[in-house]
1. For Val375, which sequence-distant residues (separation of 5 or more, or a different chain) have an amide H within less than 5 Å of its own amide H, given hydrogens modelled in the peptide plane?
2. At each listed q (0.24, 0.25 Å⁻¹), what is the log10 of I(q)/I(0) that the Debye formula gives for the range 233-325 modelled as equal alpha-carbon point scatterers?
3. Would you mind checking Lys175/Lys698; Lys175/Lys780; Lys161/Lys198; Lys260/Lys297; Lys639/Lys776 for any pair whose Cα atoms are more than 19 angstrom apart?
4. Tally Lys and Arg at +1 and Asp and Glu at -1 over the other residues with C-beta under 12 Å from the C-beta of Ser774: what net charge comes out?
5. Sorted from largest down, give the three principal axis spans of the alpha carbons of the range 189-252, whole angstrom values.
6. Any chance you could run the full-extension gain for Lys508 through Asp637? It's 0.36 nm times the residue separation minus the Cα-Cα distance, nm to one decimal.
7. So which lysines can Lys66 reach, going by Cα to Cα under 21 Å and dropping same-chain residues fewer than 8 places off?
8. What is the sum of charges, Lys and Arg at +1 and Asp and Glu at -1, for the other residues whose Cβ falls under 14 Å from the Cβ of Glu442?
Amino acid sequence: MSQPSTGRHQPAAITFHSKPQPSFNKNFDLLIRAMHEWKAGGYEVYICSENPKQFDRLAAIFRELKADVAFLPVEIPIHEGFVDEDLKIACLTDHQIFQRYHQYKIRQGFSKEQALNIRLLRELQPGDYVTHIDHGIGIFAGLQKIEIGGQVQEAVRLNYKNNDILYVSIHSLHKISKYIGQDGAAPQLSKIGSDAWKQLKARTKRKIKDIAAELIKLYAARRAARGHAFPPDGYLQNELEASFIYEDTPDQFKATNDIKGDMEKSYPMDRLICGDVGFGKTEVAIRAAFKAVCDGKQVAVLVPTTILALQHGKTFAERLSEFPVTVEYLNRFRTAKQRKEILEKLKAGTIDIIIGTHALLSKDVAFKDLGLLIVDEEQKFGVASKEKLRTLKVNVDTLTLTATPIPRTLQFSLMAARDLSVIRTPPPNRQPIQTEIRVFDEDLIREAIYTEVNRSGQVFFVHNRVNDLPQVVETLKRICPDVDVAMAHGQMDAEHLEQVLVDFINRKFDVLACTNIIETGLDIPNANTIIINRADIFGLSDLHQLRGRVGRSNQKAYCYLLAPPMSVLTHEARKRLRTIEEFSELGSGFAVAMRDLDIRGAGNLLGGEQSGFIADIGFETYQKILDEAIQELKETDFKDIFKEEIARGGSYVRDVTIETDVEMLIPDEYVSNIQERLNLYTELNTIESEEDIEKFAKRLEDRFGKIPKQVNALFEALRLQWTCKKLGFERLILKGGKLRCYFIGDPQSSFYETELFGKIMAFVQQKGRIMGLSMKQTNKELIMVQDEIRSLKQVKATLEQVAGAVA
């Protein structure tokens, strides 16, 4: 390859003796042979990958194949490998060896959750309703400077009933959340000092504890049961994971590791994987199923619809085609003879993975050795099916997949009633689905269909009335005469329906006119336009699921919601359509579900008696109280089950209040914009490690210059909060040269029975006189006191001495 130089000099030819990386087609014998040849020719072999796990996978594969080859790992991604004959190097890429797409590095921003919380706080405008977890609902009134002991600090001002004012320390911003209750209605302001808020909180907590206690009992029974402990990953598992043609998203990687960790434990797994439509839950399930099969166990995959059984059957079989695994599916498309044959094979153990609808739960289905049960979209099964499921689940590892976001399972999984992995990161190169509300218009439909067909794509046209579906097909054929239209609905005979769907997947038709049978799990990356007729009669999560059928590749996707004019729709229908149009960004299922709570009230999510609480206190605060309630249950009624977790400490104190007369704030002359200061305080409040403080400080210095001492004091206060949490202090007051550290306010807390508390008491008795430390008991509280303390650094030194002695 030669490149003439530019400019006035004589063009010079530069010759490179290099060639592209050979194609190995995932054949490791070929790769090993090539590496031996290069070694004999005096070449160095480098393998480049941005994921260090790939080097371990390759090394494991080489070991398994007993290959004596060496390579130098380079943790830098390059687009294509090459062999340079002059330098005698072979530089290979992992993605070409494993035949995957090369994905470019995506810059890691906030996680979706952080972004959501930070965005909610950033969107706080003076006049917005907020809930303070200790004082109730008030009105946000911005930042304000206050003077404490002659020193200036900054606080968030909240206005309450009767014009009462509450100043919230910038170290307690996490106690405030934007009020999200019933849509549109203004909440009642709380009165500071009255018991009404405390009583409401206590009532809510009591109700939550009743439900939570039931769930924790189930969890405890599962922990006590004996399950099968699967062995660590083998060579085949590594090869399956490496052959995934896309790069794992960070959440997929974590979810896969969480599942494997659970499967390797001696008690049965019960994990929920929650991820938006199209975020790669199926791949995670396939890896878990394969791990079970590698250890000689059978896997049952339970799905809510006939079509999903067909789709999953196809996906699992394709993904595992290069491995010795038998996959079958059971649904109403199967004849009696096929069904009988499948059941016999299942009983004999010759089928490894069976995928089916609730027919799998019938009495005549018997397994030789069931090791893993995967349930897709559990909330779509009836009560009777769920009861049968429970009997099947007793000693079997269970993995549940859901695309309906967390509020449905309402955080109990998050809080430990079952283990939860959330997949929030969309696959790289995904684009949001452009969503538009339109009135039925033949010109619009024609344009939408032809635009999609002309880019070699396919279209779903959803019409949820079987009776009129043939007329809809005739209309579509009349509007677009040269386009092939097929029809699919649940009342067609099984073989015909299956054939239509298979033909559509194989691109024999351009448009599929169908009912909402396509709602769950149909995965056709080539279909990127969906038109939903009479969208106003669908529920919100149905619309979200239907829209998730498109936009499953890197093509821009479109969703048209056809409905009568807004003016004639009901209030709820208008809100549903606006919500689905507004939340079209990737991973917006969480936001959709939160709005769903608003529109319907949370009755059908939490039981009728609880829906009122959300209206009274706001959704985020409800979650915080839920968290507190479960933590309290863990420490009291169920402390035997969670003793390991409690022994690790840190769970007794959830929140530390710091009151001091030291000047700590972000000065106006350092950051003049009020909103920017509030954003910085909010971000500072989420920091949880020394490393994060350093990053935050570096960013501040880059943007605003040298850090003033008042900001360093904020950092010191943050470090003190962490130390107080570890030592069991709920409140720290440093005023007038006196330090007071308040232990946990609840005298019944099991903290007072811990070894940690005993050691702190012993330390104060031994060293108290020398350090000026003493214990003081009031009617309500136990306080550690120290006099003659003037600075946060002195406080830090004292607490570090205590922490060092009890470590």
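Read the figures in this text as sums done on the coordinates, not as results from a lab. What you are looking at is a predicted structure, and each value in this text was computed from that prediction instead of being measured. Glycine also receives a Cβ, built like all others from the backbone with ideal geometry; neighbour counts cover every protein chain displayed.
1. It is Leu302, Leu399, Thr400, Leu401, by chain and number.
2. At q = 0.24, 0.25 Å⁻¹ the computed log10 ratios are -1.64, -1.73.
3. Violating the 19 Å limit, Cα to Cα: Lys175/Lys698; Lys175/Lys780; Lys639/Lys776.
4. Local charge sum for Ser774: +4.
5. 64, 34, 13
6. 40.3 nm
7. Lys26, Lys39, Lys53
8. Net charge around Glu442: 0.
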